[in-house]
Amino acid sequence: MNANKDLSTRERILHLMKTAGPLSAKELTTELQITEMAVRRHLGTMERDGLIESKMIRQTPGRPTAVYGLTELAEGLFPKKYHSLTLDLLDELAEESGEDMVDRLFDRRKEKLSRKYMADMQGKTLNDKVRTLSEIQNDNGYMTELQQTDGGEYVLMEHNCPISQIANRYNHACDCELNLFESLLDADVERTECLAQQGKKCVYVIRQRNRQIG
């Protein structure tokens, strides 16, 4: 019960700061109709969690007052419709210039990412490359999980896809990700499950590439 109450109060504080901007503890006390001690307890917890940050402002007359505002982390909790705008723009481009042009954009994005991350792979074993790739994808919001089979294969799972709405419409985005992984890892990569194809997650099986001699 207390946890639900705390969560509700935190949500109300976040909503107030989103709509009214930075607020002092006194202003929040007035808005929430709870004690200032309770407000400061929530503020302390939320500041430690990285959801809000404080700064001092000087009011005339009187001493400087601390006000609290949202961090970038907290801003990310609010609904965003970036994918809708992106899809609208891609649809317009496809209608104007054909879907081949959209595919070219995804190819260029793949090449850009390859240049960005290739230096992180230089001189590493496949094991280290796969772990580096998992960390990169996790930092980019893909919620990765990495396993290694008894046969020496690696299984990279992505439980979230930040561009799933786009990939559902333009499957070439998924092809580019697969090609990017093969390029960065210099390995054979097979996708066995895909979020954009009604899968529960994206799953990549990674194998050491056989070298041909002769």
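Does D120 meet the test of being assigned by TED's automatic domain parsing to the domain that holds N179 and farther than 17 Å from L185 by Cα?
Working: assigned by TED's automatic domain parsing to the domain that holds N179: yes; farther than 17 Å from L185 by Cα: no.
Spelling it out, it is not the case that D120 is assigned by TED's automatic domain parsing to the domain that holds N179 and farther than 17 Å from L185 by Cα.
So, A119, is that one of a type outside the set (S, T, N, Q), in a helix (DSSP H, G or I), more than 30 Å from E182 (Cα to Cα) and within 24 Å of the chain's Cα centre (by Cα) or not? Walk me through how you get there before you give the answer.
Details: of a type outside the set (S, T, N, Q): yes; in a helix (DSSP H, G or I): yes; more than 30 Å from E182 (Cα to Cα): no; within 24 Å of the chain's Cα centre (by Cα): yes.
No; evaluated as a whole, the condition is false for this residue.
Among the residues of segment 153-176, which ones are within 17 Å of S134 (Cβ to Cβ) and modelled with pLDDT of 90 or more?
From segment 153-176, those within 17 Å of S134 (Cβ to Cβ) are 153-162; that's our starting set.
E153, Y154, V155, L156, M157, E158, H159 - these are the residues of segment 153-176 that are within 17 Å of S134 (Cβ to Cβ) and modelled with pLDDT of 90 or more.
When only residues in segment 50-72 that are β-branched (V, I, T) and within 12 Å of K18 (Cα to Cα) count, which is modelled with the lowest pLDDT?
Our first condition is that a residue be β-branched (V, I, T); within segment 50-72, this holds for 52, 57, 60, 65, 67, 71.
Applying the additional criterion that residues be within 12 Å of K18 (Cα to Cα) yields 52, 71.
Working: I52: 95, T71: 92.
Result: T71.
Here segment 55-72 is the region considered, the condition is being free of Cβ contacts under 8 Å to residues at least 24 places away in the same chain and either within 15 Å of L14 (Cβ to Cβ) or among the charged types (D, E, K, R) (or both), and the residue that is surrounded by the most Cβ atoms within 10 Å (Cβ to Cβ) is T71.
Set side by side, the residues L23, L90, L14, L43 differ, and just one is touching a residue at least 60 places away in the same chain (Cβ under 8 Å), farther than 30 Å from F106 by Cβ and surrounded by 16 or more Cβ atoms within 10 Å (Cβ to Cβ), which is L14. Given the criteria acidic (D, E) and either within 16 Å of the chain's Cα centre (by Cα) or assigned to a loop (DSSP other than H, G, I, E, B) (or both), does E92 qualify? Judged against the criteria, E92 is not a match. Among the residues of segment 93-138, those that are β-branched (V, I, T) and either exposed (fewer than 14 other Cβ atoms within 10 Å of the Cβ) or farther than 26 Å from V205 by Cα (or both) comprise V102, T125. Being in a helix (DSSP H, G or I) and modelled with pLDDT under 90 is a property that does not hold for L133. Each residue in segment 189-214 was checked for being at pLDDT 90 or above and not hydrophobic (A, V, I, L, M, F, W, C), and 8 pass.
So which residues in segment 128-151 are on the phi > 0 side of the Ramachandran plot and among the small types (G, A, S)? If the condition is that a residue be on the phi > 0 side of the Ramachandran plot and among the small types (G, A, S), then G141 is the only one that fits.
The values are calculated or read from the model by the stated rules, or taken from the named source; none is laboratory data. Just so it is clear, the structure is predicted and the values come from calculations on it, not from any experiment. Note that each Cβ is placed from the backbone with ideal geometry, even for glycine, and that neighbours are counted across all protein chains shown.
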